[in-house]
Every structure is written in structure tokens, then in C-alpha cells.
Amino acid sequence: MSTITDLATAVENGKLKLVPNLAKQCIDEGCAPMDTLNAMIGAMDVVGEKFKNGEIFVPEMLIAAKAMKKGVDVVKPLLAEGGAVSAGKMIMGTVHGDLHDIGKNLVIMMIESAGFEVIDLGVDVPVAKFVEEASKPDVNIVGVSALLTTTMPAMQETVEALNAMPNRSQFKIMVGGAPITQAFADEIGADCYTTDAASAAQAAKTLA
């Protein structure tokens, strides 16, 4: 097998210690940084599919995303030198009144694994902070998370404020979280709802 195939396999299997060395070896052997990154992104696509099909679970997906991140750390400086363009820029946060971040963090890892730059706003994020960040010119997607039924109104308030922004056509709104449904997402005016982190990564690619 070639080194780049070994790298993809190592990411897919969450081999944290192997991935950075294999990424460096790919570069040393003359593989373009973007091709090296794309091999890792492809591996995470496989991981996402396995998760959606119930072949693996959150821990395996998390460890693969962490392995991918270690590989990205190797190629990222080289991508910057070559002027490589990211898949897009996303801001992501959990709504005001909600302190849950495990699901949000997993979504961020998966979306970063799909080649996006993600700005994490954290938890308990006020509406005004979402609006402030979404007003920046290079934002493609705004991710809004709620894990409590009691904070669904805060999600609605956030999405309504984002929908009222003058630059609304510039970005898409993605929502998710345990109590959220497609019907609720449609009702509040979000562009996209996904049930899990793997689906969110796939959706981000189509939205950006």
C-alpha cells in the first residue's frame, strides 16, 4: 500500500500515534499538502458513513476525528504557504441558557474534518454574540445547538435574529441537538437540520 493509503487507514482507525508521522512521510515523499488533507477527509467520510450505518459509535468517531486533527496539524502550515482555500468558515455555539457542549464539540470536530474552519463560540451564547459573529464577511454557516427542551425558545430567538440580518443571504443556518426536529427547524426558519455529527459534516459541504 502507498503511504497516503496508510494515512487514510490510520485516520479511519483512530491511530493517534501513527497519523502525524504518516502525514509527514506523505509530504516528504512529494505528496501535495492538499492531496494529503483530502486523503484524511476521505477517511473521515468513511467514518461518518459507518457511524450513520451503526457500524461504529461516538467513541470511535471521536478518536478518528482526533487522529485526523493530529494529521491536519502537520499539513496546515504547508496549506497556508500554498494559499490553499478551506471548504468554508462556520461559527458554532450552544444557545443562551444551555451549558451542554459534548454534542457541539463532536459536530465541530467532524466539520473541521471536512475541511472547514470552525469558530467555537462556546456555550450559553447570547443572541447578540451570534449576530455579531455572523455579520463578519467570510462566514458561510452559522451552527446553533440546543440540548434542552427548555432552551428551544432561545434557539428560535437566535434563528429569528439571524434571519433578520441584512447579510442573511451570505450564510446558511444549521441547527441541531437532542430535542430538535426537522419540523421545528422548518418552523423557526433554519436552512438545515441534522440528527448527528456525521450528517452535519456532510450537510456543511452542500451548504457552503
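The values are calculated or read from the model by the stated rules, or taken from the named source; none is laboratory data. Keep in mind it's a predicted model, so treat the numbers as computed, not measured. Quick reminder, even Gly has a Cβ in these numbers, built from the backbone with ideal geometry, and neighbours come from all protein chains shown. All accessible areas refer to the heavy atoms of the entire protein, side chains included, with ligands and DNA or RNA removed. Shrake-Rupley method; radii C 1.70, N 1.55, O 1.52, S 1.80 Å.
Here is how the numbers come out for the structure above:
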| quantity | calculated |
| --- | --- |
| Table column - 3J(HN,Hα) (Hz), the range 186-194, Karplus curve with 6.51, -1.76, 1.60, x for Gly and Pro | 5, 4, 8, x, 7, 7, 8, 10, 10 |
| Those aspartates and glutamates that a straight Cα-Cα span of less than 12 Å connects to residue 52, excepting residues fewer than 8 apart in one chain | 196 |
| 3J(HN,Hα) from dihedral phi, the range 109-126, Karplus parametrisation 6.51/-1.76/1.60, rounded to Hz, x for glycine, proline | 4, 5, 6, 4, 5, 8, x, 8, 8, 10, 9, 8, 7, x, 10, 6, 8, x |
| 222 nm mean residue ellipticity, helices alone, for the chain (DSSP H n ≥ 4; -39,500 (n - 2.57); rounded to 500) | -17500 deg cm²/dmol |
| GluC sites (Glu not before Pro), loop per DSSP, at most 13 other Cβ atoms within 10 Å - longest free stretch of the chain | 56-208 |
| Carbon + sulfur, % of accessible area of the range 26-94 - ligands and nucleic acids excluded, 1.4 Å | 58 percent |
| Fully extended contour minus Cα-Cα distance, from residue 52 to residue 178, at 0.36 nm per residue | 43.8 nm |
| 5 angstrom amide H check on residue 116, placed H, neighbours 5+ away | 87 |
| Furthest towards positive pole of dipole, 32, 56, 46, structure part the range 19-63, Cβ charges | 56 |
| Sequence-distant lysines (8 or more away, or on other chains) whose Cα lies within less than 27 Å of residue 76 | 15, 17, 24, 50, 66, 89, 104, 136, 172, 205 |
| Computed magnitude of the charge dipole of the chain (debye, nearest 20; Cβ of K, R +1, Cβ of D, E -1) | 260 debye |
| Residue-wise HN-Hα coupling along the range 40-50, computed from phi with Karplus coefficients 6.51, -1.76, 1.60 (Hz; x: Gly, Pro) | 6, 4, x, 5, 5, 4, 5, 4, x, 5, 4 |
| Solvent-accessible area, 1.4 Å probe, carbon plus sulfur percent, for the range 126-208 | 55 percent |
| Per residue accessible area of the range 46-156, 1.4 Å probe, in Å² | 46 Å² |
